[in-house]
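Notes for the one structure printed next.
The values are calculated or read from the model by the stated rules, or taken from the named source; none is laboratory data. Keep in mind that this is a model prediction, so the values were computed, not measured. FYI the Cβ positions are ideal-geometry reconstructions off the backbone, even for glycines, and counts take in every protein chain you see.
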Amino acid sequence: MLSDALKQKFDAVIARYPVKRSAIVPLLMFAQDEAGHVTEEAIQEIAQRVGVRPIEVIEDIGYYSMLHRRPIGRYNLQVCTNISCMLRGGGAIFEHCSKKLGIGHKQTTPDGTFSLEEVECLGACCGAPAMQVNYDYYENLTPETIDALIDGLRKKNPASET
């Protein structure tokens, strides 16, 4: 069930757009932040509020890699492997994350703490290889910086056993 606070946020966001449909992605992001993924209820609510069919909201979810219809980990690691990052070791960084966490692309650790994704571009080519964890960017990555980051995140979530 969507919270009253989220519904109020939806109203405020929609009011900023001259064309209601333009608010779909921000509304999806807020809904995902609240529930950990985009729920069917959120899809229906957003479609109704902006005056489109639910399939049009679902199409937006499919287009944007940062939107998820299934629960993801508390910390979603998105490692760029596009050309700049690839040339500077992005593939090796992804493999290091995968090995350290024991999961692969679009998988979540059994305790729900971490999810891992290989993504096309984060727009951080100058700091390649780059990764985004939730809304935070990390650049010029090495296996050592990855280890320190993951270990630090585990300390924030003591239940993590991975």
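I need a count of the residues in the range 38-57 that are surrounded by fewer than 17 Cβ atoms within 10 Å (Cβ to Cβ) and over 15 Å from S3 (Cβ atoms).
9
Answer with yes or no whether L122 is closer than 27 Å to A42 by Cα, under 18 Å from the mean Cα position of the chain (by Cα) and part of a loop (DSSP other than H, G, I, E, B).
Criteria met by L122.
List the number of the failed condition for A47; all other conditions in (1) at pLDDT 95 or above; (2) under 19 Å from the mean Cα position of the chain (by Cα) hold.
Against the list (1) at pLDDT 95 or above; (2) under 19 Å from the mean Cα position of the chain (by Cα), A47 comes up short only on (2).
Could you grab me the full set of residues in the range 79-112 that are among the polar types (S, T, N, Q) and farther than 15 Å from T145 by Cα?
T81, N82, S84, Q107, T108, T109
Is it the case, given these coordinates, that K155 is crowded, with 16+ Cβ neighbours inside 10 Å, assigned to a helix (DSSP H, G or I) and out of contact with any Lys or Arg (no Cβ under 6 Å at 6 or more places or on another chain)?
In short, no.
Considering only the range 33-44, state which residues are modelled with pLDDT of 95 or more and part of a helix (DSSP H, G or I).
If the condition is that a residue be modelled with pLDDT of 95 or more and part of a helix (DSSP H, G or I), then E40, E41, A42, I43, Q44 are the ones that fit.
For the range 110-152: of the residues being among the polar types (S, T, N, Q) and under 19 Å from M66 (Cβ atoms), which is surrounded by the fewest Cβ atoms within 10 Å (Cβ to Cβ)?
Looking at residues that are among the polar types (S, T, N, Q) and under 19 Å from M66 (Cβ atoms), I get N134.
Within the range 56-90, how many residues turn out to be in contact with a Cys (Cβ under 8 Å, 6 or more places away or on another chain) and either small (G, A, S) or closer than 13 Å to V133 by Cβ (or both)?
Selection size over the range 56-90: 5.
In the range 99-106, is there at least one residue being within 30 Å of P26 (Cβ to Cβ), over 15 Å from the mean Cα position of the chain (by Cα) and either of a type in the set (D, E, K, R) or part of a helix (DSSP H, G or I) (or both)?
yes
Assigned to a helix (DSSP H, G or I) and either of a type in the set (K, R) or touching a residue at least 60 places away in the same chain (Cβ under 8 Å) (or both) - does that describe any residue in the range 58-80?
no
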